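The values are calculated or read from the model by the stated rules, or taken from the named source; none is laboratory data. Here the structure is a predicted model, which means the values were calculated and not measured. Cβ placement follows ideal geometry from the backbone for every residue including glycine, while neighbour counts extend to all protein chains displayed. Note: areas computed on protein heavy atoms with side chains; ligands, DNA, RNA excluded. Shrake-Rupley method; radii C 1.70, N 1.55, O 1.52, S 1.80 Å.
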Amino acid sequence: MVDLAVKIDKLNLKNPVMTASGTCGFGEEFSDFIDLNRLGGFIVKGTTLNPRQGNPYPRMAETASGMLNAVGLQNGGVEHFIHDIYPRICDYKTNILVNVSGSTVEDYVRVAEKLNDLEHIPGIELNISCPNVKEGGMAFGTSCTSAETVVNAVRKAYNKTLVVKLSPNVTDITEIARAVEAAGADSVSLINTLLGMAINAEKRRPVLSTVTGGLSGPCVKAIALRMVWQVSKAVKIPIIGLGGIMNASDAIEFLLAGATAIQVGTANFIDPQITIKIIDGIEDYMIRHNIKDIRELIGGLQM
Amino acid sequence: MRKTIKDLVLLRNIRLNPDNHLLIFKVPGFDSDIKPGQFANIEAKYSTSTFLRRPFSIHNIDPENETIHFLIKRVGEGTRHITDLKEGESVSVVFPLGHGFTLPERDEKVLLIGGGCGVAPLMMLARAIRPYSEDIHILLGARSAKDLVELDEYSQMGELHITTEDGTAGEKGFVTQHSIFKNVSEFNRIYTCGPEPMMKAVAGIAMKNNIWCEVSLENMMACGFGVCLCCVTETKEGNKSVCTHGPVFNVNDLKW
């Protein structure tokens, strides 16, 4: 038997595999395909104070080994989540985190306050890195001062596990990681999507309604791995790594680079059973390499 | 039926014309609870430029032989990979997805309108309607006679009407210029699938004449089961995902 369990702050994960916000809905959409209880956790779609319709169609473009999206945080708002969604999903035996987004510091704080009271939501992931909304989102995650301000404010209002999701669209991600650690984050997750663009040459027009969008998929993995490795040298809090993870080998690479847990995002669109295959694949790898405890792999890169 | 992901073996790959292929896959343990208008998301392997699956309407099912059929037009790299599959090869398919068409009441007069590769779901729909109504009219539009496929099969499902833009088959012009529209108010229901400008024109005629009408949308999508939120269409109740709330919508629910 191998031990796959990891810990992110107070959260006990039965294995390091989670699903990334915006790629797994409210979890229940996967119930025809997988047993959600097998996951280390899942992150609910970005939730804001008020309902949002998101951006106009078209919202996606396929790219070489990946895709761009410009969904723009379409969601029913935090009250809708609490009253209509939470009662349906709260019995899953896994860690359910809510991804929290906002346009102002006050928005983030109010959403966090409301979620603080939900017994079966042991943590939130603060989204200061969404590239697809005009105000807020990524604006908070691209300067140390604003990142620190919003994390500080939410920390005062929220006493469970606070994960902060970092943007890769910065010059030095380690500075932002240090700033949010100092402001009270319990963990950082990285990376969110990279700002990108697609053009239809025949029509001489942008493909996305918003012109630019967030790039994800295996095409971003090398960048994500590099950033996880850099951040792991810069902070003491646990890291949740994500960005282009398509299989167990990818997941193990993130652990070796210093991530304590990982999130699977875009791969869910192509194979809704991929998370289970990754969990099984990590276990096979550990047996093959005679590793009893997955924690031996975390930051285990041999230089 | 529950949504599932399966590697399906391709039994037949029939090239109907240079652009259109009929692909027949074996579905072991076939569950016939698939509705006309539902779709499948098929893997497009072997290329870094076709990262996502490709969604296709289910063209037909054969529960007795446990097969599922797709009518696929070669339009880009993804459809080229899929239509190049060899018989005996297998490919990953997620299905059945979305909600299908609403079937008519007994003996209603129905009009099925397909344009281009939008004819695909109408075969299964016509077969499902036949037990309820003998009065089925199928109007197919294409650029030219050579683009029309499976005309014999469609003519067995109902009275067949054709338009081509170059006049090489049927009436010349666009689908909505066909003479059948002179007496369109005789129809109880219109079902349509095809290019969006065509469906919008059909929907306009239906709404003007107060005829019940369902359209099948084909917005670009990534997942096909309601999590990526990329394929939204504007409805009177806000943005809705085409993959889960559709792909079939009543025109009165859309902001058309």
> Looking at B:Glu196, B:Glu218, B:Glu214, which one is within 14 Å of another protein chain (Cβ to nearest Cβ) and surrounded by 20 or more Cβ atoms within 10 Å (Cβ to Cβ)?
Replying inline: B:Glu218
> In the set B:Gly88, B:Gly29, which member is over 20 Å from B:Met123 (Cα atoms), surrounded by fewer than 21 Cβ atoms within 10 Å (Cβ to Cβ), at pLDDT below 95 and not assigned by TED's automatic domain parsing to the domain that holds B:Leu217?
Replying inline: B:Gly29
>> Cβ contacts < 8 Å: first residue facing chain B (nearest Cβ under 8 Å) and over 10 Å from A:Leu208 (Cβ atoms), restricted to segment A:59-72; second residue of a type in the set (Val, Ile, Thr) and open to solvent by less than 10 Å² (accessible area, probe 1.4 Å), any location; separation 6+ or different chain. Result?
In response: A:Glu62/B:Thr50; A:Gly66/A:Val220
> So which strands (runs of 3 or more DSSP E) are wholly in segment A:1-55 and hold at least 1 residues that are at pLDDT 95 or above and β-branched (Val, Ile, Thr)?
Replying inline: A:6-8, A:17-19, A:41-47
> Is it the case that some residue within segment A:158-172 is farther than 15 Å from A:Gly102 by Cβ, among the β-branched types (Val, Ile, Thr) and in contact with a helix residue (DSSP H, G or I) (Cβ under 7 Å, 6 or more places away or on another chain)?
Replying inline: yes
> Looking at B:Val75, B:Val94, which is the one that is over 30 Å from B:Asp135 (Cα atoms) and open to solvent by 10 Å² or more (accessible area, probe 1.4 Å)?
Replying inline: B:Val75
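Residue-wise test of (1) touching a Phe, Trp or Tyr at 6+ places or on another chain (Cβ under 9 Å); (2) without any contact (Cβ under 8 Å) to a residue 40 or more places away in the chain; (3) not basic (Lys, Arg).
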residue	(1), (2), (3)
A:Pro206	no, yes, yes
A:Gly217	yes, no, yes
A:Ala224	yes, no, yes
A:Gly244	no, no, yes
>> So in segment A:270-300, with the set limited to residues that are open to solvent by less than 10 Å² (accessible area, probe 1.4 Å) and assigned to a helix (DSSP H, G or I), which one is nearest to the other protein chains (Cβ to nearest Cβ)?
In response: A:Thr275
>> Residues that are over 16 Å from the mean Cα position of the chain (by Cα), at least 2 per element: which strands (runs of 3 or more DSSP E) completely within segment A:135-200 meet that?
In response: A:194-197
>> Quick check on segment B:1-41: of everything there that is in a strand (DSSP E or B) and within 14 Å of chain A (Cβ to nearest Cβ), which residue is farthest from B:Glu66 (Cα to Cα)?
In response: B:Asn41
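For segment A:80-94, does any single residue satisfy the condition of being part of a loop (DSSP other than H, G, I, E, B) and within 14 Å of another protein chain (Cβ to nearest Cβ)?
Pass one, segment A:80-94, residues part of a loop (DSSP other than H, G, I, E, B): A:90-94.
Next, from what is left, pick out any that are within 14 Å of another protein chain (Cβ to nearest Cβ): none.
There is no residue in segment A:80-94 that is part of a loop (DSSP other than H, G, I, E, B) and within 14 Å of another protein chain (Cβ to nearest Cβ).
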> Which residue out of B:Phe51, B:Phe70 is part of a loop (DSSP other than H, G, I, E, B) and open to solvent by less than 40 Å² (accessible area, probe 1.4 Å)?
Replying inline: B:Phe51
> Which of the residues belonging to segment A:117-132 are open to solvent by 30 Å² or more (accessible area, probe 1.4 Å) and either within 13 Å of the chain's Cα centre (by Cα) or touching a residue at least 24 places away in the same chain (Cβ under 8 Å) (or both)?
Replying inline: A:Glu119, A:His120, A:Pro122
